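Report on the structure given below.
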Amino acid sequence: LALFPNLTKAYVYRLLKENENSGNIVRFSQGIYCLPTKSFLGRTTTTATAVADYKYVSDGERIYGIYSGVALLNQFAITSQGPNVLTIVTNHEATRKRMVSIDKMKFVLRKSRLEITKDNYSIYIILQLFSDLGANPPLNDFAKQGIKNYIQENDIHLNALIDMSTHFPARTIKNL
């Protein structure tokens, strides 16, 4: 609606319905429309994960969220378990924890402890990782090396970790 300030709400919805009926756009779920593409399988749209990425993690220019939980542990090879429900920590959530469903896929949204930006998301990922580990972190040498590589690649300094860690539980620093 913000893209069409000169049009009424009813007229915008009518245009959406007309384009949906003609096949120009596809209604993915309530309030979410996408442009269909053609592949060798036929017409395809997008995935629930891609929609969640755009709404809660990044729009391509700004970063306002990260994946957490089993997905984050899996990213650093701490576990090989695949997440059944993806957990996202995002600036776009007002409640502490909420479950949403996008195209029958479930996501747990958590409010971020501080604002996640392009400048601090890599530090936030490390702190969230150590927060998600629990009391006895089961880190093998491969996982430790992966964490070290991530810290070096993203030029994360100890001072930055300590400054941001004040927003995390004491267990996070203990694990770190």
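The values are calculated or read from the model by the stated rules, or taken from the named source; none is laboratory data. Everything numeric here is computed off the predicted structure, so don't read it as measured data. All accessible areas refer to the heavy atoms of the entire protein, side chains included, with ligands and DNA or RNA removed. Shrake-Rupley method; radii C 1.70, N 1.55, O 1.52, S 1.80 Å.
For residues that are within 14 Å of the chain's Cα centre (by Cα) and among the basic types (Lys, Arg), scanning just segment 99-127, find the one that is farthest from ASN175 (Cα to Cα). Here the residue is LYS106.
Among the candidates LYS118, LYS106, the residue that is open to solvent by 20 Å² or more (accessible area, probe 1.4 Å), in a loop (DSSP other than H, G, I, E, B) and not small (Gly, Ala, Ser) is uniquely LYS118.
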